[in-house]
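The values are calculated or read from the model by the stated rules, or taken from the named source; none is laboratory data. Everything numeric here is computed off the predicted structure, so don't read it as measured data. Because the Cβ atoms are built from the backbone with ideal geometry, glycine has one as well, and the counts that use them run over all protein chains shown. The protein model used for the area step is the full one, side chains on, heavy atoms only, and it has no ligands, DNA or RNA in it. Shrake-Rupley method; radii C 1.70, N 1.55, O 1.52, S 1.80 Å.
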Amino acid sequence: MPAKASRAAFGEALIDLGAKDERIVTIDADLSKSTMTVNFAKKYPQRAFNVGIAESNMIGIGAGLALTGRIPFACSFACFLAGRFETIRTSVGYTNANVKLVGTHSGIAIGEDGYSQMGVEDVACIRSLPNIGIIQPADEVETKQAIAYAVEHQGPLYLRLTRQNLEPVCPPDYRFQYGRWLVLRKGHDVSLIGSGGPLFNCLEAACIKPLDEELLVQSAGKTGHVVTVEDHSIHGGLGGAVAEFLGDVLPTPTKRLGVHGFGESGDAKGLYAKHGLDPAGIAASVKKFLHR
């Protein structure tokens, strides 16, 4: 299976699911070609809404549609969704509206577009809300299964998707389970936990919220060291969630790898290397951490 961006897999899955469930609708803020809902809109024009550059309105409309029985996928760049946190907090989180927030172009790997288009604080924002789960799929297989799950899930979700292609990492018999992690390689020295874009570089998958607490405790107890890897700020993301949980139940030496400071323009591979999210950077950080 060739590499594919999770946003592309999302667009394909949505068309297939839309044929089976007429409750599914899409709402975009003038970015349907980028969020990959444009083909859904062509096939189901009566169920696709483009509200223009008005993300807060998009989220509010999505909440209203959800409260009338629709299943809305409200889509924009991850940074633009996080920028409308107040509307998400009140219209989606507080009402527990069945809205599926879709943030594409997550992380620094969007490359040359630069920081203004990069979602590197989105998880930190949305993770603070008590009832919105966060899913960042690792490849095409997981993305399509996660989208199918999202349709059936009652309640709000945030789906964090990539612009860049993702190499396949899930086995052929993989079945997505909400809140359950997939172990791709067993080890003894360190528990290496990743999500989304850098996943292929560290070979372990994660659902950010809720954490797979059982597997986390089991793995951390076995290895005694935990390293998290994410294309997101080191503050408030996957690493923060893992550290907070372990601090309460099983204090374990933990190293968080992610974006330091603001993002910047550059090619994806170069930016991953600068922030230590490439294979060499991850390996070097793990070795240093284990021998400190």
Model label zone, His260; criterion: amide N under 13 Å from point 7 Å along Cα-to-beta-carbon; scope the stretch 217-246: 234-235
Accessible surface, the chain, averaged per residue in Å² (probe 1.4 Å): 43
Sequence ranges 132-141, 266-275, ranked by mean other-Cβ count within 10 angstrom, highest first: 132-141, 266-275
Amide H within-cut-off set for Thr104, under 5 Å, with H built and near neighbours excluded: Ser76, Phe77, Ala78, Leu161
Per-residue HN-Hα couplings for the stretch 108-120 [Karplus 6.51, -1.76, 1.60; θ = phi - 60°; Hz; x = Gly/Pro]: 7, 6, 5, x, 5, 5, x, 4, 4, 10, 9, x, 10
Heavy-atom accessible surface of the stretch 1-68: percent carbon and sulfur, 1.4 Å: 54
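How high is the relative contact order of the chain, in percent, counting Cα pairs under 8 Å that sit 6 or more residues apart?
18
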For the stretch 255-267, Karplus couplings with θ = phi - 60° (6.51, -1.76, 1.60), whole Hz, Gly/Pro x: 10, 9, 10, x, 7, 9, x, 8, x, 7, 7, x, 6
Under 5 Å, built H, 5+ apart or other chain: amide partners of Gly114: Gly266
Accessible surface of the stretch 170-258, 1.4 Å probe, proportion on carbon and sulfur as whole %: 50
Within the chain, percent of DSSP bridges classed antiparallel, to nearest 5: 10
Entries of Lys43/Lys269; Lys4/Lys269; Lys33/Lys144 with Cα pairs more than 24 Å apart: Lys43/Lys269
Estimated dipole of the chain in Debye, rounded to 20 [Cβ of Lys and Arg +1, of Asp and Glu -1, Cα centre]: 160
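Can you bin the stretch 198-288 into rounded, prolate or oblate? Criterion: square roots of the alpha carbon gyration tensor eigenvalues sorted a ≥ b ≥ c, rounded for a/c under 1.5, prolate for a/b above b/c, oblate for the rest.
The shape class here is prolate.
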Most to least packed among 94-100, 167-173 [average Cβ atoms within 10 Å]: 94-100, 167-173
Integer Hz, Karplus 6.51/-1.76/1.60 couplings in order for the stretch 33-44, x for Gly and Pro: 5, 8, 7, 6, 9, 4, 6, 4, 5, 5, 7, 10
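Checking the a/c ratio against 1.5 first, then a/b against b/c, what shape does the Cα gyration tensor give for the chain?
Prolate is the answer for the chain, as a/c is 1.5 or above and a/b outweighs b/c.
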Residues whose placed amide H lies under 5 Å from that of Lys255, excluding near-sequence neighbours: Val226, Val227, Thr228
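Treat every Asp and Glu Cβ in the stretch 45-154 as -1 and every Lys and Arg Cβ as +1, leave all other atoms uncharged, and give the resulting dipole magnitude about the Cα centre to the nearest 20 debye.
Using Cβ point charges on Lys, Arg, Asp and Glu, the stretch 45-154 gives about 480 debye.
How charged is the neighbourhood of Ile108? Take every other residue with its Cβ under 9 Å from the Cβ of Ile108, and add Lys/Arg as +1 and Asp/Glu as -1.
Numbers: positive: Lys274; negative: Asp231, Glu264.
For residues surrounding Ile108, the net value is -1.
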Test item: Cα-centred dipole of the stretch 211-282, Lys/Arg +1 and Asp/Glu -1 on Cβ, debye: 300
Net length gained if the chain between Lys222 and Glu244 were fully extended (0.36 nm per residue, minus Cα distance): 6.0 nm
